[in-house]
1. All but one of (1) over 29 Å from Gly171 (Cβ atoms); (2) within 16 Å of the ligand (Cβ to nearest atom); (3) of a type in the set (D, E, K, R) hold for Asp126; state the number of the condition that does not hold.
2. Please go through the range 476-485 and pick out each residue that is aromatic (Phe, Trp, Tyr) and part of a helix (DSSP H, G or I).
3. Does the range 107-118 include one or more residues that are away from the ligand (no atom under 16 Å from the Cβ), surrounded by fewer than 20 Cβ atoms within 10 Å (Cβ to Cβ) and without any contact (Cβ under 8 Å) to a residue 12 or more places away in the chain?
4. Do we have any residue at all in the range 249-268 that's in contact with a helix residue (DSSP H, G or I) (Cβ under 9 Å, 6 or more places away or on another chain), outside any strand (DSSP E or B) and buried (at least 17 other Cβ atoms within 10 Å of the Cβ)?
5. What single numbered condition from (1) in contact (Cβ under 8 Å) with a residue 12 or more places away in the chain; (2) within 20 Å of Gly13 (Cβ to Cβ); (3) within 16 Å of the ligand (Cβ to nearest atom) fails to hold for Pro484?
6. For the range 348-373, enumerate the residues that are of a type in the set (A, V, I, L, M) and assigned to a loop (DSSP other than H, G, I, E, B).
7. From Phe168, Phe217, grab the single residue that is within 16 Å of the ligand (Cβ to nearest atom), within 27 Å of Leu464 (Cβ to Cβ) and in contact (Cβ under 8 Å) with a residue 60 or more places away in the chain.
Amino acid sequence: MAKVVVLGAGISGHTAVSYLSKALKKNHEVVMVSPNSNFQWLPSNIWVGVGLMTIDQVKFKLAPVYKKLGVDYKQAKAVSIHPEGNNENAKGFVKIEYVTEEEKGKEEIVTYDYLINATGPKLNFDATEGLGPHKFTQSVCTYDHAAHAWGKLQESLAKMENGERQTFVVGTGHALATCQGAAFEYILNIAFEIKKRNLMHLADLWWISNEYELGDFGMGGAYIKRNGYITPTKIFTESILKEYGIRWIKRAGVQKVEDGKIHYENLRGEYHTRDFDFAMLIPGFAGAGMKAFNKQNEDITSAVFVANGMMKVDADYTPKPYEEWSAKDWPSIYQSIKYDNIYAAGIAFAPPHGMSKPMQSPNGTKIFPTPPRTGMPSGVIGKIVAQNIIHAVKTGTMEHKHKASMAHMGAACIVSAGYGLFKGQAAVMTVNPIVPDWEKYPKWGRNINDTVGVVGTAGHWMKLFMHYMFLYKAKAKPFWWLIPE
Ligand SMILES: Cc1cc2nc3c(=O)[nH]c(=O)nc-3n(C[C@H](O)[C@H](O)[C@H](O)COP(=O)(O)OP(=O)(O)OC[C@H]3O[C@@H](n4cnc5c(N)ncnc54)[C@H](O)[C@@H]3O)c2cc1C
């Protein structure tokens with residue numbers, strides 16, 4: 001009997017554990033370790049952040065779903081991994097710490113034959129002084145944060161109803177932050193809500209970003225086919241912001257936030273301050289912060305993880321200049337560089353390098369977006385990692401027939417504003433592949449036939465449809481596996 005342990009019940013880990021249990025639960029053991037008792041459909045947090053959905057509409061309890069799936073669920077967080085075991089345990093194991101009221105702080109050792117690290121991002125608010133919902137800015141990175149942001153947003157809307165002017169700033173809260181797409185969607189939704197209330201004359205809306213040009217989105221930007229023309233995402237994004245009455249600050253590395261003041265440095269090395277009444281800024285991301293130890297209990301964390309805590313996998317991590325970056329550097333099976341039975345799926349894997357060109361101010365501050373790993377690739381990666389483990393468990397051979405390099409995979413991004421069947425509009429962008437491949441596509445970096453941008457109501461319907469479809473799948477309702485990632 002084999003034992004597969006998954007760490008993290010987010011988009012990637014939950015996808016992986018669902019497929020593992022479907023294929024293995026009869027004869028093998030499948031374990032999930034995750035601290036939050038809920039699954040959350042993160043993309044819909046945007047709607048929570050503007051009061052159009054409640055937190056109960058974007059989350060559900062994991063325990064009943066795992067009971068149905070035959071998954072042994074431990075509501076705990078992984079603290080360290082011990083891939084070689086130790087004197088008491090011949091097998092590799094994970095040390096976990098329970099987080100429930102009743103068992104808070106209780107430690108347990110969970111052995112495994114195969115381990116999937118899908119612990120996603122640590123929201124590193126501490127990397128920017130004054131950042132985050134416990135300090136001066138809002139976040140939509142969890143449903144609690146989004147609900148808190150909506151509370152703050154209502155205060156600003158109420159002031160505007162009383163004739164008071166308000167400044168809204170949304171974007172990246174760290175010089176190397178990623179996830180621009182989520183922030184971009186949020187600012188469009190704020191603008192939509194203000195417009196709906198006929199309060200635009202009292203609003204100053206600002207987009208602040210570490211991107212060199214707007215529309216970079218951490219993917220180095222893209223050329224997209226739109227209405228028969230090839231348009232850079234810079235133009236696409238700027239025209240959407242203009243249409244919504246939003247001004248922008250680009251090439252900005254936020255360094256510190258105080259009550260009502262955002263301090264940032266730009267790529268020219270200048271220091272500026274932007275006043276705000278309401279700000280939602282995405283923090284820097286790091287890995288979950290697990291340590292790794294060998295059989296002798298020596299710390300081998302740096303052999304297993306990169307400095308920010310993300311896991312080293314089958315990528316080419318050789319440091320090289322931007323001009324030499326290649327699509328081939330990106331991993332395709334997400335197997336640990338050091339241990340064959342460990343994998344990292346979703347945001348937990350360390351990318352070989354960025355997609356956006358690294359930039360530095362004359363003061364030496366690095367200001368550019370780090371690469372995103374959005375929901376679709378995270379789900380697909382979770383699935384193929386599970387499929388390869390299932391194959392290894394069933395046949396005893398590790399063949400890795402399933403591959404999913406972000407340099408070969410497409411992704412869709414829907415930035416929707418408004419809510420309901422008739423009151424919304426969305427910008428839909430598809431890119432293929434996610435990582436530009438200038439060798440294969442020397443003209444546009446990507447397959448221009450599949451790299452498309454459209455604005456309209458249809459995309460908005462798709463976003464709504466995706467909300468219900470993916471929650472149906474995540475709840476493991478009948479035939480869930482027929483719904484693609
Ligand atoms: C507001 C917002 C909107 C977004 N919108 C979109 C969108 O429209 N389209 C899109 O494609 N992507 C979107 N994304 C990105 C998408 O949500 C992420 O790419 C995706 O969630 C990454 O999946 P993951 O499984 O790697 O991480 P997560 O989904 O974050 O899951 C990580 C899991 O690991 C758990 N965990 C953390 N530490 C530990 C530990 N020590 N031990 C065990 N478990 C641990 C966490 O509790 C969590 O359950 C959005 C993101 C945000 C924040």
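The values are calculated or read from the model by the stated rules, or taken from the named source; none is laboratory data. Note that the coordinates shown come from a computational prediction; the quantities given were computed from them, not determined experimentally. Here the Cβ positions follow ideal geometry from the backbone for every residue, glycine too, while neighbour counts run over all protein chains shown.
1. Every listed condition holds for Asp126 apart from (1).
2. Trp480, Trp481
3. No, the conditions are met nowhere in the range 107-118.
4. Here is the first cut: in the range 249-268, the residues in contact with a helix residue (DSSP H, G or I) (Cβ under 9 Å, 6 or more places away or on another chain) are none.
No, the range 249-268 has no match at all.
5. (1)
6. First pass over the range 348-373, keeping only residues of a type in the set (A, V, I, L, M): 348, 350, 355, 359, 367.
Residues satisfying the conditions are Ala350, Met355, Met359, Ile367.
7. Just a single option satisfies the conditions, and that option is Phe217.
Listed here are the residues, each with its yes/no results for (1) over 25 Å from Phe349 (Cα atoms); (2) not small (Gly, Ala, Ser).
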position	(1), (2)
Val65	yes, yes
Leu69	yes, yes
Ser80	no, no
Gly85	no, no
Glu101	yes, yes
Tyr112	no, yes
Asp126	no, yes
His134	yes, yes
